[in-house]
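The values are calculated or read from the model by the stated rules, or taken from the named source; none is laboratory data. If you're wondering where the values come from, they're calculated on a predicted model, not measured in any experiment. We place every Cβ from the backbone using ideal geometry, glycine too, and count neighbours over all the protein chains shown. The accessibility values were calculated without ligands, DNA or RNA, using every heavy atom of the protein model including side chains. Shrake-Rupley method; radii C 1.70, N 1.55, O 1.52, S 1.80 Å.
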Amino acid sequence: AAFHQAHHEYLFMKCSKTTNRLISVNHPLPLTSQQSTEIRFILSIFASLFLLIPYCYIPAAFCVFLVKERITKSKHLQLVSGVDMTAYWISSYIWDLFLWGILTILIMCIFIMYGNETAQVFVGSVEIFFCTAALTFGYGLSGLPFAYLFSRFFNNYSSAQISIMAIFFLTGFVAVNAYFILDSLENTKYLARRMRPLFLMWPPFNVGEGLIGLSRNFFEREVLRQTKSPFSWKVCGRSLAFLYGLSVPYFSLLLILECSNDGGSGGSFGRLLRWLRDFMSRLQLQLQGVKYDK
């Protein structure tokens, strides 16, 4: 309307050679129910995508204290004082999950404060509300051990926080956008299908896909009149399964890596891991022609 106003005024002044102005009044018709639903669907897609940006900050914040404990030798002091390595990590994980549970409640309260009309996609019904809460908590359940693994590579907690935020941004916001762009183009659909198994191994991608699934389910329910449960496999079920299922292998891998380090942690299992590590190191040296003295 603004463009047409400026264009018509320009033509009027050019043709009439006068200082008078041409004023047009625009009163568009109200949006239909379908148009309003479509606009709300598009906005919910953008909301789902941009929610991944603040979501990438949260797991990185939990790693700051762990890195600080390691570089200040506080963790070493606890271990030499008799704390078991497994107990150390399980207690840290449980405490962080407790804090994440509080954070999940606060996030859902913010959704409710926006109102059922504005945040209908995420809190439109009791079932949708609990599905959104399950996605948020499941993101912490697998995202925390995923972040713990990367924190082992840093000796500065500030660098660790920034780097882990970047990793979660790439595996979340960037990966979700890349997948749906590739999947929307006919020439790159095969590439999206091949990369999907890798993307599903990343908790940030799964939570983003689950939020977009809620938006898609809202459009199908309001426009196409197709009723599906938000917990169904094609909506959020797959994302929830991966979010909760990946917590076990990621945390198990963390314990394996920690117990394979120098020290007496892990009991017989830890001693076996350290023996395997030393055996592989000796084998590598022998293959390179280096003599190893026992």
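Quick look at the numbers
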item	result
The chain: DSSP helices with Cα axial extent of at least 27 Å and average Kyte-Doolittle hydropathy no lower than -1.0	33-55, 85-113, 126-151, 203-222, 267-287
DSSP-loop trypsin sites (Lys or Arg not before Pro) across the range 49-125, with at most 15 other Cβ within 10 angstrom	K73
Accessible heavy-atom area order of M113, M280, highest first, probe of 1.4 Å	M113, M280
Electrostatic dipole magnitude of the chain [Cβ: Lys, Arg +1; Asp, Glu -1; Cα centre; debye, to 20]	640
The chain - percent of accessible surface contributed by carbon and sulfur, probe 1.4 Å	66
Net charge of Cβ neighbours under 9 Å - reference T227; Lys, Arg +1; Asp, Glu -1	+2
Kirkwood-Stokes translational diffusion coefficient of the range 1-155, alpha-carbon pairs, 4 °C, 1.567 mPa s, µm²/s	63
Residue of A166, A241, A87 that the Gaussian network model of the chain assigns the largest fluctuation, springs spanning Cα pairs under 10 Å	A87
Point-to-point label distance, K73-Q284, nm (Cα→Cβ direction, 7 Å offset)	2.8
Surface accessible to a 1.4 Å probe, per residue, for the residues of the chain, Å²	59
Candidate residues R216, R193: accessible-area rank, largest first, probe 1.4 Å	R193, R216
Loop chymotrypsin sites (Phe, Trp or Tyr not before Pro), the range 100-197, which have at most 15 other Cβ atoms in a 10 Å radius of their Cβ (DSSP)	Y114, F153
Point-charge dipole on Cβ atoms (K/R +1, D/E -1) for the range 89-220, about Cα centre, debye to 20	420
